[in-house]
Amino acid sequence: FGEHLTGYLDFSLKLLSQQVSDAPVRIKFTFAEVPSELNTPFDPYPGGLSRAWLQDEVMTLMTVPIEASIPRRVSFRYLKIELLGASSFDFAFDKLTFRAQTSAKTAPLPLASTTDPLIRKINEVGLLTLKECMQTVYEDGPKRDRRLWIGDLYLEALANAWSYKNHDLTKRCLYLLAALANDEGLLHATVLETPTPHPQNGTHCLDYSLLYNVALLEYLKETGDKEVALDLWPVVVRQIEMALRQYSDDWIYDMQKKPIYWLVFDWKDNYDRQASMQGLTAFSLEKSYELAKMLGKEKEARDWPRIAGQIKKAARKTFYDQKNGVIVSGPNRQVSYLSQVWMILSETLTAKEGAKAMATVLSMPDACYPGCPYAYHYVMETLLKCGMRQEARSLLTSYWGGMVNKGADTFWEVYDPNNDELSPYGFFPINSYCHAWSCTPVYFINKYPEIFQR
């Protein structure tokens, strides 16, 4: 179809002769975001998610001529049509039309004429990724899951602020998540809209809950909408309270303390998340305090800067390997990209220490590197914070540019340059190949034109 589309397919069949149809016509439609979905057999299905997410539909049409529609919403670029059964009469497709949907309406500003062609293409692919995921909520993927996650909301809203500027969508998502918190006030990581708005029970991701606070801060900065921010302020307070319950008396995040919460950060096996959670908590505390000051709520949040300082002090004592200049995490003292990232973004490490840590980890072949674009977004943020502009530009062109060079017209849920069939679900066709958390090159390219448009 020439581009990635999300919506509904309509078609009609017509007779090619004077014969009358004397039997049903049975047709199979297979919709695909990438070509491999068309030539990889779906069955027997080995994946860990519902087989029903795969976009193959069989329709039995009782008479010809006929007008019909595929009943489900689909997300695709490629369509394969197979005739499974018909009688002897001749027929053909008379029309094939698609009703595309998005809530992105405003045309983004063009890039500078000096922008490198690859970066220009990365921006285009990022914009299309974001547009396709901007439906009635910020969907994580329009093909599969089709729900709102906090982590996707935060990153999509950043990109939206530098492109389509549909801030009402951001506001709607913030309210939906708040309205569907659990009885203690802890946010669910993901919510669905149909048949009525409801949370995916049991999905409490503490790192996502803390990022909700940061997303609300960014919304207020972008819109000046204090009414919404004040309305949602109690939600911010509750996320901080719930997160701090998980800390030991010496201010270390306790991975074994009940309840044990799911921590996302990345789709990556064997990645130790303890140091990352320590850094993210301090980061969220300080961003939440910034929000408090903007809303005149400093009195309610007066302890947060002190607690953030204690968490950072404890983090340096427990996780900082001063000899090698890197953050380590867990009982095996793992060195990962993301452990450095969150200690730098939280300013647990100084700017000089952070630059050294990032340079070190980037040069370590055995360091635990990220497994998906969501994690690489924060690596990009960290490189820019450390003043490592060339490294950030190189990461943009090698990682997201790597997907572009492999033919992507929307960015993928997971991408490892060393493994094209990587899947968290045991079967790569079930992956989302248009995924919200992968769109943030739009944010970087447009926010930092002096780096990415020169």
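The values are calculated or read from the model by the stated rules, or taken from the named source; none is laboratory data. Quantities reported herein were computed from a predicted structural model and do not represent experimental measurements. All Cβ positions, glycine included, derive from the backbone under ideal geometry; neighbour counts span all protein chains shown. Calculation scope for accessible area: heavy atoms of the full protein, side chains included, ligands and nucleic acids excluded. Shrake-Rupley method; radii C 1.70, N 1.55, O 1.52, S 1.80 Å.
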Problem - Segments 310-319, 379-388 sorted - mean Cβ within 10 Å per residue, highest first - result: 379-388, 310-319
Exercise for the section: Return the subset of LYS312/LYS352; LYS257/LYS317; LYS165/LYS312; LYS313/LYS352; LYS317/LYS352; LYS287/LYS352 for which the Cα-Cα distance in this structure is over 26 Å, preserving the input order. Expected result: LYS165/LYS312
Problem - Calculated P(r) of region 260-321 - Cα pairs past 13 Å, % - result: 66
Handout entry: Rounded to 10°, Cα long-axis angle of helix 167-179 versus longest principal axis of the chain
Key = 70
Exercise for the section: With a 1.4 Å probe and every protein chain left in place, work out the accessible area per residue of region 265-304 in Å², rounded to a whole number. Expected result: 43
Exercise for the section: Enter the angle in degrees (range 0 to 90, nearest 10) between the Cα long axis of helix 304-319 and the first principal axis of the Cα atoms of the chain, meaning the one along which they spread out most. Expected result: 90
Practice task
With θ set to phi - 60°, apply the Karplus curve 6.51 cos²θ - 1.76 cosθ + 1.60 along region 417-433 and write out the HN-Hα couplings as whole Hz, x wherever there is a Gly or Pro.
Solution key: x, 9, 8, 5, 9, 4, 8, x, 10, x, 6, 5, x, 7, 4, 8, 9
Handout entry: Normalised contact order of region 106-157, rounded percent, pairs of Cα under 8 Å and 6 or more residues apart
Key = 20
Exercise for the section: State which entries of LYS105/LYS226; LYS28/LYS121; LYS258/LYS297; LYS268/LYS356 exceed 28 angstrom in Cα-Cα distance in the structure shown. Expected result: LYS28/LYS121; LYS258/LYS297
Fill in the blank from the handout: Sequence order, region 388-398: Karplus ³J(HN,Hα) from phi using 6.51 cos²θ - 1.76 cosθ + 1.60, θ = phi - 60°, Hz rounded, Gly and Pro as x, gives 8, 5, 5, 5, 5, 5, 5, 5, 4, 6, 7
Fill in the blank from the handout: Note to self: with every protein chain in place and a 1.4 Å probe, region 313-404 gives an accessible area per residue in Å² of 40
Exercise for the section: Please report how far the C-alpha centroid of region 304-377 lies from that of region 221-289, rounded to the nearest whole angstrom. Expected result: 17
Practice task
For region 102-253, report the accessible area per residue in Å² (1.4 Å probe, heavy atoms, rounded to an integer).
Solution key: 37
Fill in the blank from the handout: Taking protein heavy atoms only, a 1.4 Å probe, and rounding to whole percent, the accessible area of the chain owed to carbon and sulfur comes out at 51
Exercise for the section: Mind listing the long-range amide H neighbours of PHE411? Cut-off is under 5 Å, sequence gap 5 or more, other chains count too, H placed in the peptide plane at 1.01 Å from N. Expected result: THR129, HIS435
Practice task
Enumerate the calculated ³J(HN,Hα) couplings along region 326-341 in order (Karplus 6.51 cos²θ - 1.76 cosθ + 1.60, θ = phi - 60°), each rounded to whole Hz, writing x wherever the residue is Gly or Pro.
Solution key: 9, 8, 10, 9, x, x, 8, 6, 5, 9, 10, 4, 6, 5, 5, 3
Completion exercise
Length gained if LYS447 through LYS95 is fully extended, taking 0.36 nm per residue and subtracting the Cα-Cα distance, is 122.4 nm
Problem - region 46-65 and region 151-200: distance between their alpha carbon centers, rounded to Å - result: 30
